[in-house]
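S.K.: Shown below is the structure under consideration.
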Amino acid sequence: MTLGLKAGFQKLEHGIDPVFDERSRVLVLGSFPSARSREQGFFYGHARNRFWAVLAGVFCENMPESIPEKKELLLRNRVALWDVIAECEIRASSDSSIKNARPNDLSRIIDSCPIERVLANGAAAAELYKRFCEPLYGKAVRLPSTSPANAAWSLERLIGAWGPYLEID
């Protein structure tokens, strides 16, 4: 064991910048980037994660393939994207293993944009947000996870659940 970490745990920093601009009105938060996302340097990099398919479905757009296309999809639809956790100890990509977490400073986005709602992608993001961020920024809406581990939810069902919260008048 190195630095007092238990076997299999790594102490990691987030390392991926948030996506937002002055028009962003919905903030979507994950928990912490998966190992695949960390490798790619961008959010929801696991091929079986349905996040990008859900957004494409909600906004009736083509599935984005490249990082620039993903950023454009978010910004065109006034969606900001980041994660609750800035640094933590984690085992691989297991949200349930996160410990000794330090949150991201969400004021970086919330103070720069007319954010109308905060959405948490799954139970772990919702719980981490509630613990670290809710006292500062108010409540977030917990939505079903787009992770492949959430096999009980089909893509169509996810699109139906996420749609009303992503669409802005």
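S.K.: Just give me the residues in the stretch 12-33 being more than 10 Å from the chain's Cα centre (by Cα), part of a loop (DSSP other than H, G, I, E, B) and in contact (Cβ under 8 Å) with a residue 12 or more places away in the chain, in sequence order.
M.R.: Of everything in the stretch 12-33, those that are more than 10 Å from the chain's Cα centre (by Cα), part of a loop (DSSP other than H, G, I, E, B) and in contact (Cβ under 8 Å) with a residue 12 or more places away in the chain turn out to be His14, Gly15, Ile16, Phe20, Asp21, Glu22, Arg23, Ser24, Arg25.
S.K.: If you don't mind, there's one more thing I want to ask. If we keep just the residues of the stretch 144-169 that are outside any helix (DSSP H, G or I) and within 16 Å of the chain's Cα centre (by Cα), which is nearest to Phe59 (Cα to Cα)?
M.R.: Ranking the candidates gives Thr146 first.
S.K.: Next question. In this structure, is Phe42 among the aromatic types (Phe, Trp, Tyr) and out of contact with any helix residue (DSSP H, G or I) (no Cβ under 6 Å at 6 or more places or on another chain)? So that I can check it myself, show each step before the final result.
M.R.: Values: among the aromatic types (Phe, Trp, Tyr): yes; out of contact with any helix residue (DSSP H, G or I) (no Cβ under 6 Å at 6 or more places or on another chain): no.
The answer is no for Phe42.
S.K.: On the given criteria, is Leu5 open to solvent by less than 80 Å² (accessible area, probe 1.4 Å) and either at pLDDT 95 or above or more than 20 Å from Arg102 (Cα to Cα) (or both)? Full working, then the answer.
M.R.: Working: open to solvent by less than 80 Å² (accessible area, probe 1.4 Å): yes; either at pLDDT 95 or above or more than 20 Å from Arg102 (Cα to Cα) (or both): no.
When the stated conditions are applied, Leu5 does not pass them.
S.K.: Going through Glu134, Glu167, Glu156, Glu116 one at a time, which residue ends up being farther than 17 Å from Ser34 by Cβ and at pLDDT below 95?
M.R.: Checking each option against the conditions leaves just Glu167.
The values are calculated or read from the model by the stated rules, or taken from the named source; none is laboratory data. Not measured: the values here are computed from a predicted model. Note that we place each Cβ from the backbone using ideal geometry, even for glycine, and neighbour counts take in every protein chain shown. Please note that ligands, DNA and RNA were not included when accessible areas were found on the heavy atoms of the full protein model with its side chains. Shrake-Rupley method; radii C 1.70, N 1.55, O 1.52, S 1.80 Å.
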